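Engineer: First, the structure itself, so that you have it in front of you.
The values are calculated or read from the model by the stated rules, or taken from the named source; none is laboratory data. In this text, all values refer to a predicted model and were calculated from it rather than measured experimentally. When we count neighbours, we look across all protein chains shown, and the Cβ atoms used for this are built from the backbone with ideal geometry, even at glycine. Keep in mind that these areas ignore ligands, DNA and RNA; they rest on the heavy atoms of the full protein, side chains included. Shrake-Rupley method; radii C 1.70, N 1.55, O 1.52, S 1.80 Å.
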Amino acid sequence: HFEPRRFVGQMVARAMASFAALSWLAAALLPRAAWASGAAPSVRLRNGVEMPLLAAGTWQYNESQAEASVANAIKAGFTMFDTAYDYHNQPGVGRAVRAATSDHGIPREKLFVETKVPGCGLDPAVSVGRCYEDTHKALAKNVELLGLDYVDLVILHFPPRAAFVTRTCRFVCKQVRDQWRAMEEFLATGSARAIGVSNYCPSCFACLDGVAQVYPMVNQIAYHIGMGPDPAGFKSLADEKGVVLQAYSPLGNTPWKHGADPEIMSGTFTTGLADAHGKSTIQVALKWLGQHKMPVVTKSSSLKHLEQDIDLWSWNLTESELDAADKYRNFGMPSFACNFADQVTPELVV
């Protein structure tokens, strides 16, 4: 005997069961950022490429550590990963990315890989006398070491070596231009979706003004809470030139400390904000940058910590807290290669 109500009920139950199964499968296969409400937003670069606001870094990790860290970052929901030629861990990063696409079905275009090539004279691979030619070779080697068809963003890691002595790019403009010409040509091959620089000072950009066919899309600088919303004028300069700033060392890592700044990790100011929101001081430091829509590279080998790092979009600092954080001061320099007049309240000279 056919019972319409019973039949319809069975069909609805089967449909709901199928939907639940597919939802579970999607959640298992896709990175959390693809489906969680707290997914990291992105910023649009000059050429239209969308770059996630949060990246998992791999500095100081060897190949196996970098592979494990990126794998955990993907589990946590990260979709962007940062490495470099002179990190010597690119094969591990590439393995983790390829495993995500081959073993877990994550489309390659959903993952964003950023890498770097050394500045002229800062690595044997890129000599001062063959800056243009060696940069081309280092760019190709980057893709080869990663084992990928392309990278999403490649940047020059530092200005040329001489800039660290003179504290300006003014006397090495030819090297800056030669190296950037190699970057433009690499972009044209399709081996990279976007190109940029790191630790570049105003004088370095001045070398490219009126000369570059494709202007840098990103400038990755040292930037953390306590440096203010426009450290040494870097943000104003970037906005003027249409360059997206990206922060590294968001916990105040400095050359002479080689670790997170204790004032950020456990200081009264950051601890107070963390306690007010039930978050960690690390989350507060990242949130301050994120709430200013500043792309940032963080780092951890711990899945738990990476999950905490990416939990930035489900909460906000209040307007008064953000204003206080903007006014809070904790010394930092955006670049090792620039000249600053005053180390207490640094004002950019060149």
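Engineer: State all residues of region 92-138 that are aromatic (Phe, Trp, Tyr) and more than 23 Å from the chain's Cα centre (by Cα); if no residue qualifies, say none.
Structural biologist: Matches in region 92-138: Tyr132 only.
Engineer: Scan region 317-337 and give yes if some residue there is modelled with pLDDT under 85 and buried (at least 20 other Cβ atoms within 10 Å of the Cβ), otherwise no.
Structural biologist: yes
Engineer: Something else about it: So, restricting to helices (runs of 4 or more DSSP H) that lie completely within region 176-292, which ones have at least 1 residues that are surrounded by 22 or more Cβ atoms within 10 Å (Cβ to Cβ) and on the phi > 0 side of the Ramachandran plot?
Structural biologist: In region 176-292, there are no helices (runs of 4 or more DSSP H) which contain 1 or more residues that are surrounded by 22 or more Cβ atoms within 10 Å (Cβ to Cβ) and on the phi > 0 side of the Ramachandran plot.
Engineer: Has region 150-162 got at least one residue that is open to solvent by 10 Å² or more (accessible area, probe 1.4 Å) and free of Cβ contacts under 8 Å to residues at least 40 places away in the same chain?
Structural biologist: No - not one qualifying residue is present in region 150-162.
Engineer: Among the listed residues Gln213, Gln246, which satisfies the condition of being farther than 30 Å from Ala324 by Cα, of a type in the set (S, T, N, Q) and at pLDDT 95 or above?
Structural biologist: Gln213
Engineer: Residue check: is Thr83 of a type in the set (Val, Ile, Thr), in contact with a Cys (Cβ under 8 Å, 6 or more places away or on another chain) and modelled with pLDDT of 95 or more?
Structural biologist: No: the conditions fail for Thr83.
Engineer: Still on this structure, I have one more. Enumerate the pairs (first residue in region 195-210 and under 14 Å from Ala163 (Cβ atoms); second residue anywhere and assigned to a strand (DSSP E or B) and aromatic (Phe, Trp, Tyr)) with beta-carbon separation below 9 Å, excluding pairs fewer than 6 apart on the same chain, so at least 6 apart or on different chains.
Structural biologist: From region 195-210, the pairs are Ser198/Tyr248.
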